[in-house]
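Every number here is computed from the coordinates shown, using simple stated rules; none is lab data. The structure presented is a predicted model; accordingly, all values stated were derived computationally and were not measured. Note that each Cβ is placed from the backbone with ideal geometry, even for glycine, and that neighbours are counted across all protein chains shown.
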Amino acid sequence: MSQIIDVAHLNYRYPQQSADDLTLKDISFSVADGEWVAIVGHNGSGKSTLAKNINGLLAPVSGTVTVDGQVLTEKTVWDIRKKIGMVFQNPDNQFVGATVEDDVAFSLENQGVPRDEMLTRVHDALAQVNMDQFATREPARLSGGQKQRVALAGMIAARPRILILDEATSMLDPQGRYDVLKTIQQMKAQSDLTVLSITHDIDEAASANRVLVVNDGRLVEEGKPAEIFKHGPALIKMGLDMPYAERLKAALKRQGVQVPTDYLTEKGMADWLWQLSSNK
Amino acid sequence: MMTKLIFGRYIPGNSVIHHMDPRAKLLLSFYFIGIIFIANNWPTYVILFVFTLLAIKLSGVKWSFFINGVKPLIWLILFTVILQVLFSASGGHVYFKWGIITISQLGLVNGIYIFCRFVLIIFMSTLLTLTTPPLELSDAIEYILMPLKVVHFPVYEVALMLSIALRFVPTLMDETEKIMNAQRARGVDFGEGNIFQQMRAIVPLLIPLFVSSFNRAEDLATAMEARGYQGGEGRSKFRILKWQARDSWATVSFAALTIVLIVLRA
């Protein structure tokens with residue numbers, strides 16, 4: 001598989017920081033075309049800053065970012081932004097249009113897409129996220145999860161190659177979170193979308209092919225979700241909420257029950273519990 | 001809090017007036033304010049009233065909305081009318097004279113005319129805002145300002161700002177409500193005490209509101225840039241306005257009204 005994102009020795013510092021104080025320190029990683037990568041880490045660990053460096057919202061002090069074969073520079077930044085769709089944390093603060101369909105059309109308007117094509121693309125995108133009956137609604141009358149799905153529809157309509165989710169589900173209730181995650185999984189199944197999700201949510205991280213752990217501006221660990229989740233209580237230190245199955249395992253261990261060390265999904269945990277009680 | 005303000009509120013409906021092109025509505029409303037000044041005798045004012053009431057009837061919006069539209073401005077209107085009655089040039093029969101104050105027949109008639117003008121203007125502009133969604137009005141303003149592009153006036157940017165401002169009104173109202181509740185929980189009394197105490201109570205409301213608005217603005221700007229916004233040039237438009245036969249007919253009816261007024265004026 002070819003690499004769609006390649007980040008090499010990226011250093012970043014905010015303008016107000018002193019010269020030896022970096023927010024991102026020598027970060028290098030690459031993402032394969034069609035891969036789903038989760039970036040986890042504490043608040044202030046630099047993961048959002050990293051995302052903004054990838055689509056040129058912030059410019060690094062040193063190091064290079066290559067997206068789909070193009071090195072990110074002032075000249076290529078608008079081409080690269082066309083290839084990357086980004087969904088942010090606060091559903092309200094990224095809703096530009098006065099109605100749902102206006103918001104979905106915003107990226108298309110920016111690209112100068114002809115109106116006839118816009119109409120079909122907006123309609124199809126809204127149908128795909130199951131929001132077509134809300135097309136003329138105003139944002140004030142939508143829930144947080146619905147607004148995030150509208151944001152995703154905006155991405156679908158613009159047809160990016162990469163989707164970056166910057167804690168896109170963190171302000172939603174469990175139902176909204178579930179709906180958004182399901183929509184992303186559907187989007188990924190329908191096109192060869194690459195997903196980069198920055199998250200605290202264990203379910204979101206578990207959907208990924210690979211997890212990168214960022215701590216204090218450095219990439220400290222990377223691996224498959226199952227490998228990362230094995231750390232148990234140490235996960236909290238990495239900025240993830242511990243999955244339910246892991247919390248249960250830790251509690252059982254304290255009670256003196258022998259538990260498997262590798263990561264189990266909730267279903268795997270249930271199966272293991274069944275076996276445990278039938279062995280006795 | 002804002003529910004009392006009729007001016008600037010949209011009442012959804014399905015009438016001919018609702019379906020008119022917002023450009024036509026906006027321009028004709030301004031035109032109407034202009035031709036009110038042609039009227040200078042009873043027949044012309046009667047014609048204007050008949051025309052306005054007919055337009056209101058066509059819109060199917062309840063009369064009470066229009067009466068309520070006049071209410072908040074009634075003191076301003078009465079003040080102007082009284083000034084006009086007391087200080088305007090005297091003519092006709094003089095009823096009362098004391099120093100510079102004169103109440104004459106002409107003064108009274110002028111006062112009534114001014115009252116009529118105010119009511120007509122308020123009725124017509126209320127009709128415009130009650131039957132046109134704010135977003136359509138901002139589209140109309142964009143089209144109408146288009147000639148200013150020649151002098152490099154940022155028409156697209158202003159129109160986008162206007163539509164974003166409108167879109168954030170309910171969001172900021174919610175936010176205000178939330179902050180008010182948070183401050184109430186900390187013991188701030190809103191709407192109590194004398195005017196100075198009430199004004200002081202607003203400060204702990206305004207400061208958090210400002211801070212959060214700036215944060216929102218920054219987030220929004222980031223999101224817009226991430227979605228490829230590079231300024232107004234080269235953008236295509238999703239929402240378009242269509243001039244239809246009914247808009248032409250409305251224009252014709254206003255032209256006819258103008259002719260009738262010119263013929264009937266004294």
(request) Average the reciprocal distances over every distinct pair of alpha-carbons in the stretch A:63-131, invert the result, and give the Kirkwood radius in Å. (result) 13.9
(message) I'd like to know which of A:123, A:175, A:106 lies farthest towards the positive end of the charge dipole of chain A, counting +1 on Cβ of Lys and Arg and -1 on Cβ of Asp and Glu.
(response) A:175
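Within 10 Å of each candidate Cβ there may be at most 12 other Cβ atoms; applying that plus a DSSP loop requirement, which trypsin sites (Lys or Arg not before Pro) in the stretch A:1-93 survive?
Working: sites: A:13, A:25, A:47, A:52, A:75, A:81, A:82, A:83; in loops: A:13, A:75.
Within the stretch A:1-93, the qualifying trypsin sites (Lys or Arg not before Pro) (loop, at most 12 other Cβ atoms within 10 Å) are A:75.
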(request) Could you tell me which GluC sites (Glu not before Pro) in the stretch B:177-244 are loop residues by DSSP with no more than 10 other beta carbons within 10 angstrom of their beta carbon? (result) B:192, B:233
(request) Return one number: the angle in degrees, 0 to 90 and rounded to the nearest 10, between the long axis of the Cα atoms of helix B:155-185 and the longest principal axis of the Cα atoms of chain B. (result) 70
(request) Give me the Debye-computed log₁₀ of I(q)/I(0) at q = 0.08 Å⁻¹ for chain A, equal point scatterers on Cα only, no solvent, two decimals. (result) -0.37
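Taking 23 Å as the cut-off for C-alpha to C-alpha distance, list the pairs among A:52/A:83; A:147/A:182; A:52/A:82; A:47/A:267; A:25/A:249 that go past it. Walk me through the intermediate numbers first.
Working: A:52/A:83 14 Å; A:147/A:182 15 Å; A:52/A:82 14 Å; A:47/A:267 30 Å; A:25/A:249 35 Å.
Table pairs above 23 Å Cα-Cα are A:47/A:267; A:25/A:249.
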(message) Please compute the average number of Cβ atoms from other chains found within 10 Å of each residue's Cβ in peptide A:107-115.
(response) 6
(message) Compute the helix-to-body angle for B:105-131: its Cα long axis versus the longest principal axis of chain B, expressed 0 to 90° and rounded to tens.
(response) 30
(request) Take every DSSP beta bridge whose two residues both sit in the protein assembly as shown, then give the antiparallel share in percent to the nearest 5. (result) 55
(request) Please get the size of the charge dipole for the stretch B:146-226, origin at its Cα centre, with Cβ charges of +1 on Lys and Arg and -1 on Asp and Glu, quoted in debye to the nearest 20. (result) 120
(request) Report the one residue of B:159, B:99, B:47 whose Cα lies farthest in the direction of the positive end of the charge dipole of chain B (charges on C-beta: Lys and Arg +1, Asp and Glu -1; origin at the Cα centre). (result) B:47
(message) Could you work out the relative contact order of chain B? I mean the mean sequence separation of Cα pairs under 8 Å and 6+ apart, divided by the number of residues, in percent.
(response) 29
(request) Find which of B:112, B:128, B:168 sits farthest along the positive direction of the dipole of the stretch B:67-185, computed with +1 on the beta-carbon of Lys and Arg, -1 on that of Asp and Glu, about the Cα centre. (result) B:112
(request) Sequence neighbours fewer than 8 away in the same chain don't count; with that in mind, list the lysines whose C-alpha is under 27 Å from residue B:149. (result) B:25, B:237, B:242
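Between residue B:165 and residue A:75, how high is the FRET efficiency from 1/(1 + (r/R0)^6) when r is the Cβ-Cβ distance and R₀ = 35 Å? Nearest 0.05. Write out the running numbers ahead of the final one.
Values: r = 33 Å, r/R0 = 0.96.
That pair, residue B:165 with residue A:75, gives E of 0.55.
Taking the Cα centre of chain A as the origin, how large is its charge dipole in debye, to the nearest 20, when only Lys and Arg (+1) and Asp and Glu (-1) carry charge on their Cβ atoms?
Numbers: 30 positive and 36 negative charges, 128 e Å.
Dipole magnitude for chain A comes out near 620 debye.
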(message) In Å and on Cα atoms, what radius of gyration and Dmax does the stretch B:146-226 show?
(response) 17.7, 55
(request) Add +1 for every Lys or Arg and -1 for every Asp or Glu among the other residues with Cβ under 14 Å from the Cβ of residue B:32, and state the total. (result) +2
(message) Please compute, for peptide A:153-166, the average count of beta-carbon atoms on other protein chains lying within 10 Å of each residue's beta-carbon.
(response) 1
(message) Bin width 5 Å, origin at 0, all Cα-Cα pairs of chain B: what percent of pairs per bin?
(response) 1, 5, 9, 11, 12, 12, 12, 11, 10, 8, 5, 2, 1, 0, 0
(request) Net charge near residue A:88: determine it from the other residues with C-beta under 9 Å of the C-beta of residue A:88, scoring Lys and Arg +1 and Asp and Glu -1. (result) -3
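Rounded to whole Å and sorted largest first, what semi-axes of the equivalent ellipsoid does the C-alpha gyration tensor of the stretch A:155-209 yield via the square root of 5 times each eigenvalue?
Numbers: eigenvalues 67, 27, 22 Å².
After scaling each eigenvalue by five and taking roots: 18, 12, 11 Å.
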(message) Could you work out the relative contact order of chain A? I mean the mean sequence separation of Cα pairs under 8 Å and 6+ apart, divided by the number of residues, in percent.
(response) 22
(message) What is the angle, in °, between the Cα long axis of helix B:245-264 and the longest principal axis of the Cα atoms in chain B? Nearest 10 is fine, range 0 to 90.
(response) 30
(message) Restricting everything to alpha-carbon atoms, can you work out Rg to Rh for the protein assembly as shown with a Kirkwood hydrodynamic radius?
(response) 1.11
(request) Please give the calculated 222 nm ellipticity per residue for chain B, where each DSSP H segment of at least 4 residues contributes -39500 (n - 2.57) and the sum is spread over every residue; nearest 500 deg cm²/dmol? (result) -23000 deg cm²/dmol
(request) Before anything else, pin down the relative contact order of the stretch B:146-226: Cα pairs under 8 Å, at least 6 apart, normalised by residue count, whole percent. (result) 24
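Could you work out the mean projected area of the convex hull around the alpha carbons of the stretch B:1-150, in square nanometres to one decimal? Write out the running numbers ahead of the final one.
Values: hull surface 47.4 nm².
The orientation-averaged projected area of the Cα hull of the stretch B:1-150 comes to 11.9 nm².
Rounding to the nearest 20 debye, state how big the charge dipole of the protein assembly as shown is about its Cα centre with +1 on each Lys and Arg Cβ and -1 on each Asp and Glu Cβ.
Values: 53 positive and 51 negative charges, 351 e Å.
The dipole of the protein assembly as shown has a size of about 1680 debye.
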(message) Please report, ordered by residue number, every helix of chain A (full DSSP H runs) that is 30 Å or longer along its axis going by C-alpha atoms and whose mean Kyte-Doolittle hydropathy reaches -0.5.
(response) none
